[in-house]
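The structure under discussion appears below in the form of structure tokens.
The values are calculated or read from the model by the stated rules, or taken from the named source; none is laboratory data. Computed from a predicted model, the values in this text were never measured in an experiment. A quick note on method: Cβ atoms are made from the backbone with ideal geometry, for glycine too, and the neighbour counts reach across all protein chains shown. Surface areas here come from the heavy atoms of the whole protein model, side chains and all, with no ligands, DNA or RNA. Shrake-Rupley method; radii C 1.70, N 1.55, O 1.52, S 1.80 Å.
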Amino acid sequence: MIGAGLPVRLPGILLVWALLVALPSIAAEVEGVRLWRAPDHTRLVFDLDGPAEHKLFTLQNPDRVVIDVSSAKLAATIDNLPLDDTPISAVRYATKDKRDLRVVLDLKQPVNPRSFALRRHETLPDRLVIDLHDRDKVEEKTIEQVTDQRKILIAIDAGHGGEDPGALGPGGVREKDVVLAISRELHKLIDREPGFSAKLVRTGDYYIPLRDRVKKGRQLKADLFVSIHADAFTRKEARGAGVYVVSSRGATSETARFLAQRENESDLIGGAGSLSLSDKDDTLAGVLLDLAMTATMNSSLDIGSSVLNSIGSFTHLHKKKVEQANFSVLRNPDVPSILVETGFITNPDEARRLRDPSFQRRMAEKLGEGIVAHFKSRPPAGSWLASNGSRNDRKHTIARGDTLSGIAARYNVSVADLKKANGMQTSMIQVGQTLTIPSG
């Protein structure tokens, strides 16, 4: 029996255990709070210095969303969150049971909340993501009709966004900002073209999972889905723009493979979780999907060639041909899809150009010219352009890599007719020369 007043001697392991029991549990800190508004939901992100358990529930009269984060404390400010145009009227917080963080979202109207945790990924910390989905959202009209003849619809997808900044360049330039600016310019240009209409897949700084981008293009019944990105590579000397279409057999170059892997990882960054495999878990389904994509892939290659020639007339090209890689965002079986890399954001010189509004506008102009030129030469059946668009005043400006036979094939005319329309005695052409394209 240990006598009163004598020091207690415990074995080392018991002493450590006693000290750990006596210490309070280590709290996770919320180091940052960010908020984005999307067309159909609001995303609230808590940046944590480590993983933490959480619970979410709703209350009514008045409507609230409550988030309890176990053993956590708030070390960031929430006073300046952009709550305008969101269903949130106020954000409050308190300590629950002296150890848990409770955050209360006061709502202007009911929402459908969803929450999930994301583990640390590369430079991004552990995160707790709260998505507040709007109720009774009116479905967007899928396609604009002009009497009984529709406009050619171009779905423009600005890559990354919100939680996913994309590639980062010198001086803090972010891919998500550059490509949204170019996409907005392209949207305006396409919309001004007679017989064309454009829709932005992402209209602001928020994240959209890759599969939802593909789904949007299909819902819009788009004639073309064009995804705008900016390259990143391990060597900062890499430069030039490029155009990609999907390949079911893998990439055509090491660069294409690297880029496809990087872009596909954005679902890990943005928190979409694993892609649905419900339509890919059967071998036959996969074979049928690949067969269905063959015609779409060929159309994508044709459009990609037109776009590549157009942007190649004003900026350096990384490769002088359309490349193929297994980009998830391009795997649409019934909508021709291209991915345009507007330059290498990891190259200091190209990063400066990419953040320049004049370059962004010029890139959008050339993208638009390439897209419009393709559809004017091959207007879809039933479109306004097929019935009313003039095919007698078409023009083509010669770009690097063009050949007379290649131009004739693109516009579905003969080389002889092309030479006759332009008073040419030989097949020699020059970069910058403008040709008149006769009706096919």
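The set of residues from region 210-222 being touching a helix residue (DSSP H, G or I) at 6+ places or on another chain (Cβ under 9 Å) and surrounded by fewer than 18 Cβ atoms within 10 Å (Cβ to Cβ) comprises just one member, Arg211. What do you reckon, is Leu168 touching a helix residue (DSSP H, G or I) at 6+ places or on another chain (Cβ under 6 Å) and open to solvent by 20 Å² or more (accessible area, probe 1.4 Å)? Considered against the rule, which asks whether it is touching a helix residue (DSSP H, G or I) at 6+ places or on another chain (Cβ under 6 Å) and open to solvent by 20 Å² or more (accessible area, probe 1.4 Å), Leu168 comes out as no.
Counting only strands (runs of 3 or more DSSP E) that sit wholly inside region 42-95, those with at least 1 residues that are within 20 Å of Arg135 (Cα to Cα), among the hydroxyl-bearing types (Ser, Thr, Tyr) and open to solvent by 20 Å² or more (accessible area, probe 1.4 Å) are 54-59.
Do you know which of the residues in region 97-123 that are under 14 Å from Leu56 (Cβ atoms) and more than 32 Å from the chain's Cα centre (by Cα) is most open to solvent (accessible area, probe 1.4 Å)? The residue in question is Arg102. Listed conditions (1) modelled with pLDDT under 85; (2) over 23 Å from Gly432 (Cβ atoms) are all met by Ala409, apart from (2).
Residue count for region 405-428 satisfying the condition of being of a type in the set (A, V, I, L, M, F, W, C), touching a helix residue (DSSP H, G or I) at 6+ places or on another chain (Cβ under 6 Å) and either exposed (fewer than 13 other Cβ atoms within 10 Å of the Cβ) or in contact (Cβ under 8 Å) with a residue 12 or more places away in the chain (or both): 2. Among the residues of region 183-198, none qualifies, meaning not one is more than 23 Å from Ile311 (Cα to Cα), assigned to a helix (DSSP H, G or I) and open to solvent by 60 Å² or more (accessible area, probe 1.4 Å). Apart from one condition, Val214 fits all of (1) touching a residue at least 60 places away in the same chain (Cβ under 8 Å); (2) over 15 Å from Gly159 (Cα atoms); the exception is (2). Checked against the criterion of being out of contact with any strand residue (DSSP E or B) (no Cβ under 9 Å at 6 or more places or on another chain) and acidic (Asp, Glu), the candidates Glu323, Glu365, Glu369 yield just one match: Glu365.
Only a single criterion out of (1) surrounded by fewer than 24 Cβ atoms within 10 Å (Cβ to Cβ); (2) in a helix (DSSP H, G or I); (3) touching a Gly at 6+ places or on another chain (Cβ under 7 Å) is not satisfied by Asp302, namely (3). All of (1) in a loop (DSSP other than H, G, I, E, B); (2) among the polar types (S, T, N, Q); (3) buried (at least 24 other Cβ atoms within 10 Å of the Cβ) hold for Asn309 with one exception: (1).
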